[in-house]
1. Using alpha carbon centroids, what distance separates the stretch 186-203 and the stretch 227-281, in Å?
2. Share of the stretch 41-187's accessible area from carbon and sulfur, percent, 1.4 Å?
3. Hey, what number do you get for the chain at 222 nm if only DSSP H runs of n ≥ 4 count, each worth -39500 (n - 2.57), divided across all residues, to the nearest 500?
4. For the stretch 116-126, what does the Karplus curve 6.51 cos²θ - 1.76 cosθ + 1.60, with θ = phi - 60°, yield as ³J(HN,Hα) per residue in whole Hz, taken in order and with x for Gly and Pro?
5. Report the label-to-label distance for Ala109 and Val38 in nanometres (one decimal), using points 7 Å from each Cα along the Cα→Cβ vector.
6. In the full protein assembly as shown, how much of Arg80 is accessible to a 1.4 Å probe, in Å² to the nearest 10?
7. Could you compute how much accessible surface Met236 exposes when probed at 1.4 Å, giving the result in Å² to the nearest 10?
8. Any idea what the dipole of the chain comes to, in debye rounded to 20, about its Cα centre with Lys/Arg Cβ at +1 and Asp/Glu Cβ at -1?
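The values are calculated or read from the model by the stated rules, or taken from the named source; none is laboratory data. Given the structure is predicted, the values throughout are model-derived calculations rather than measurements. Glycine also receives a Cβ, built like all others from the backbone with ideal geometry; neighbour counts cover every protein chain displayed. Areas reflect the complete protein model, heavy atoms only, side chains present, ligands, DNA and RNA absent. Shrake-Rupley method; radii C 1.70, N 1.55, O 1.52, S 1.80 Å.
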Amino acid sequence: MSGSPPSPSPPRAPNAVADRALRLLFWLNRRAPSVPRVIKRPALGLAWMASGALRRGPLINAARILGPASSAADRTALARRNVASFYDFVCEVGAHQHHTLAQLAARVAVTCGADAYRAARERGTGAVLVTAHFGNFEVGLAEVRKIEDRVHVVFRRDAMGAFEDARSTLHRNLGIHETPIDDGLASWLDLRDALQADGVVLLQGDRAEPGQRYLDAPFFGAHLRVPAGPAKLALMTGAPLVPVFAVRDPDGLVQIVLGEPITVPDAHAVEPATRAVVRALEGIVRQHPEQWHVLWPACLEDAEPSDGWASPEGTPG
């Protein structure tokens, strides 16, 4: 990236009780997979009633997505479906951590946009894939790994040890290279080298973390603060920028949606390219709003200082 590198921020303090509960949930998904399904409804119902913090973010985001004409009942229904979808995702991470590439890729029902993606890959410049906290992106990662030999995933280490362990185990089984963004400049140099070797880099693009360069992009009538890094990485290496989402269907299978490849020929194209990625995100969220697993107020206009992210210690892109 040009300019000063993103500075790592300390991880949030882990909640020991929540971490133990998550480890138990993962254990049940491997040993007694019917139990999480049985307890899902009462557990989520209790959590919804007991936790104002849990309700706040999904309700605010539901109001943004559904628009000002939506009713309180519709917003509540969407918010509760959103929390339930996140529960399903967490269970899937625990259940899938020891699965093979073939087992996970078998869950992909269809891939949309593959022809344009293959055409872009013929340039031999690698590809920067930008995804979001959406659907079952770990299964989507398996599909990418099936067609790509070298895949690097950028992530921030999670304060929840149970989730961190499960994710790392899954990535090792899939042959994925992990690049922690917490490592600062060294991470970005590794990603540059991977793309120059015609590899693929996958990043989350729906929230700028503290220390990252960012851009504020229009999103559902407000603004989403997103990292400028993916577009800057594409600019640095000549790689195309490709939005990608993994949509879960009612049967538990996954549809991979690859957006149109976006070129970033010069520095003036960084902001338009980033906005194009956010438009792709807005489109998929509009179609499947409950699968966007963002449980905090996502838009700048809705965030409070106590949310701790609306003014990250980063730099405008």
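1. Value for the Cα centre distance between the two parts: 15 Å.
2. Carbon and sulfur: 57 percent of the exposed surface of the stretch 41-187.
3. When only DSSP H runs of four or more count, the value is -15000 deg cm²/dmol.
4. 3J(HN,Hα) across the stretch 116-126, in whole Hz: 5, 5, 4, 4, 5, 6, 5, 6, x, 10, x.
5. Placing both labels 7 Å beyond Cα along the Cβ direction yields 2.8 nm.
6. The value for Arg80 is about 110 Å².
7. Ignoring ligands and nucleic acids, Met236 comes out at about 70 Å².
8. For this selection, approximately 900 debye.
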